[in-house]
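So the structure is just underneath, and the comments pick up after that.
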Amino acid sequence: MTITGIQVVSLPVSDQDRAREFYVDVLGMDLLRDAEMGPGMRWVQVAPRGGEATITLVTWFETMPAGSNRGLVLETDDLDGAVERLRGRGLDFPDGIQQQPWGRFVTFTDPDGNGLVLQATTARRPAPR
């Protein structure tokens, strides 16, 4: 068996409407689906434009409380421009842009406190086997 990619990452949120607004209107992701799944349950799925993996904004996993996710890494080909645009939309980057030997990035949180990283796009290299 060969795993060929990541399709969906579930991100725990408390309010799907508020989370949808943040990920679509603030971060600029595409809304792929917002549909009823059953009584009191919705499937809200977003994705970065041109990205392969998607995010579903979930409220139904008791073992995943809203705001408990840390380290979801998003990429941009213009970190400085993205930070400027997002600051204009009210997003705060308390530590500013950071530089490490592997690249540049900023950290921030969504409205529920999920920890996100926005990094400058890096070349993808296969891991040594």
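The values are calculated or read from the model by the stated rules, or taken from the named source; none is laboratory data. On a predicted model such as this, the values are computed, not experimentally measured, just so you know. Virtual Cβ from ideal backbone geometry, glycine too; neighbours counted across all protein chains shown.
Just to be sure before I move on: is L74 outside any strand (DSSP E or B) and surrounded by 11 or more Cβ atoms within 10 Å (Cβ to Cβ) in the structure I sent?
No, not satisfied.
Among G81, G88, G51, G40, which is the only one that is without any contact (Cβ under 8 Å) to a residue 60 or more places away in the chain, over 25 Å from D17 (Cβ atoms) and either among the small types (G, A, S) or buried (at least 16 other Cβ atoms within 10 Å of the Cβ) (or both)?
Every option except G81 fails the conditions.
Identify, by number, the condition in (1) surrounded by fewer than 16 Cβ atoms within 10 Å (Cβ to Cβ); (2) part of a loop (DSSP other than H, G, I, E, B); (3) at pLDDT 95 or above that V117 doesn't meet.
(2)
Which numbered condition in (1) modelled with pLDDT under 95; (2) loosely packed, with under 13 Cβ neighbours inside 10 Å is the only one that A35 fails?
The number of the failed condition is (1).
Going through region 54-64 one residue at a time, which ones are loosely packed, with under 14 Cβ neighbours inside 10 Å and either touching a Pro at 6+ places or on another chain (Cβ under 8 Å) or outside any loop (DSSP other than H, G, I, E, B) (or both)?
F61, the sole residue that qualifies.
So, F93, is that one surrounded by 12 or more Cβ atoms within 10 Å (Cβ to Cβ), in a loop (DSSP other than H, G, I, E, B), of a type in the set (F, W, Y) and free of Cβ contacts under 8 Å to residues at least 40 places away in the same chain or not? Write out each step before concluding.
On the way: surrounded by 12 or more Cβ atoms within 10 Å (Cβ to Cβ): yes; in a loop (DSSP other than H, G, I, E, B): yes; of a type in the set (F, W, Y): yes; free of Cβ contacts under 8 Å to residues at least 40 places away in the same chain: yes.
Taking the combined requirement at face value, the residue satisfies it.
Look at region 3-21 and say how many of its residues are in contact with a strand residue (DSSP E or B) (Cβ under 9 Å, 6 or more places away or on another chain) and not in a loop (DSSP other than H, G, I, E, B).
9
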